[in-house]
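Notes to accompany the following structure.
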Amino acid sequence: YQTVPFRQDTAYMAIGERTNANGSKKFREAMLEARWDDCVEMARDQIREGAHMLDLCVDYVGRDGVADMRELAGRFATASTLPIVLDSTEVDVLRAGLEKLGGRAVINSVNYEDGDGPESRFAKVTRLAQEHGAALIALTIDEEGQARTVETKVAIAERLIEDLTTNWGIHESDILIDTLTFTICTGQEESRKDGIATIEAIRELKRRRPDVQTTLGLSNISFGLNPAARILLNSVFLDECVKAGLDSAIVHASKILPIARFDEEQVTTALDLIYDRRVAQQGDEPAYDPLQKLMALFEGATTKSLKAGKAEELAALPLDERLKRRIIDGEKNGLEADLAEALQT
């Protein structure tokens, strides 16, 4: 095992999301067919892509989650040196994972959906974390539901932190608060400011509790867009959250790109969407809706075309600038050929 600090010099800690049976069809099918080596290879792919931790979720209706977790957590423990985030709604499944891992794990997650009594899921999972020395992801959800406003997110976070530290003896530095991410791409009025609420809740929480970690299930923000547009919005939203103090995010690391890789118009439109900078029609000036503009910018675009466009842009640069961009952006494709060319000149 290797030690991985929650706070990374790379600005945020990437928790790989692809080994989650709920979020990845490829991983789920491999698990259902007991293709365990394929599951492990997906974990290794995420490591190669730059993940610092791996999110492991085996929850699937009709499956023996305990058996699946034992199988995969045991294999991950020997195939990877990265810490594992155990992600399940079932306490027994979490316990099975903790018993298979030699290093320290993170449990995803606890909340107050069914209260905080001695028989609540919150109490059972927190007790498990306490017994195994695991860190905890805590969601800003209480008995009234998911927090949508800055004030509610921060209030529930404060309740969670106070409870976990005072009543359970868990250190602030072992708590990762998830202020929740909702899609801002439905066009519905009530969701337009959800991105702002998440960013500002992170900022306020880090101001109040600098030792507490923050995390997000990032990709929800762009749900409803085509895959190429999702890469842009996820990347820009992550950048804004990191600026506000975000410590980690559950992401597909290879689908988060440096902001400099996108056109200025694309980035501006994404920021306008995140911060709800709509403009009503004024005289002959048409109304401006960044959601509609973003959809228009990426109409017919694919992730392959997005990458192809960037590859062409790189190829047109002088060799020294091309090398610099590949190294700064972590772009491995073509790096070997460019290095060979540089050695010959």
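No value in this document is a laboratory result; all are computed from the given coordinates. Worth saying up front: this structure is predicted, and the values here are computed from it rather than measured. Neighbour counts are summed over all protein chains in view; Cβ atoms, including those assigned to glycine, are modelled from backbone coordinates with ideal geometry.
What to note about this one:
- Neighbours of Gly23 by Cβ distance under 14 Å: Lys/Arg scored +1, Asp/Glu scored -1, total +1.
- Taking 7 Å steps out from each Cα toward its Cβ at Ala34 and Leu335 produces label points 4.0 nm apart.
- Taken over segment 95-211, the alpha-carbon convex hull comes to 115 cubic angstrom per residue.
- Label-point separation, Ala67 to Asp263 (7 Å along Cα→Cβ), nm: 5.3
- Given their separation in residues at 0.36 nm each and the Cα-Cα distance between them, Ser173 and Glu321 gain 49.2 nm when the chain is fully extended.
- For the residue pairs Lys193/Lys293; Lys255/Lys324; Lys206/Lys324; Lys26/Lys255, the alpha carbons lie more than 23 Å apart in Lys206/Lys324.
- A convex hull fitted to the Cα coordinates of segment 185-274 yields 95 cubic angstrom per residue.
- On the beta carbon distance between Glu99 and Lys25, with R0 = 30 Å, the FRET formula returns roughly 0.60.
- Peptides 50-60, 141-151 ordered by packing proxy, namely the average of other Cβ atoms within 10 Å per residue, highest first: 50-60, 141-151.
- Evaluated over the chain, the Cα radius of gyration and Dmax, each in Å: 21.3, 70
- Using the average count of surrounding beta-carbon atoms within 10 Å as a protection proxy, the listed peptides 223-235, 155-167 rank, highest first, as 223-235, 155-167.
- Segment Glu90..Arg278, full-extension length gain: 63.4 nm, with 0.36 nm per residue of separation and the alpha-carbon distance subtracted.
- Between Glu285 and Glu151, the FRET efficiency from the beta-carbon distance, with R0 = 45 Å, is close to 0.80.
- DSSP finds beta bridges in the chain, and of those with both partners inside it, around 15 percent are antiparallel.
- In a simple Cβ point-charge model (Lys, Arg +1; Asp, Glu -1; nothing else charged), the chain has a dipole of about 640 debye relative to its Cα centre.
- Of interest is the spacing of the C-alpha centroids, which for segment 158-216 and segment 87-121 amounts to 19 Å.
- Farthest towards the positive end of the charge dipole of the chain, among the residues Gly195, Gly169, Phe182, is the Cα of Gly169, using unit charges on the Cβ of Lys, Arg, Asp and Glu.
- Per-selection Rg to Rh, segment 1-140 - Cα, Kirkwood hydrodynamic radius: 0.95
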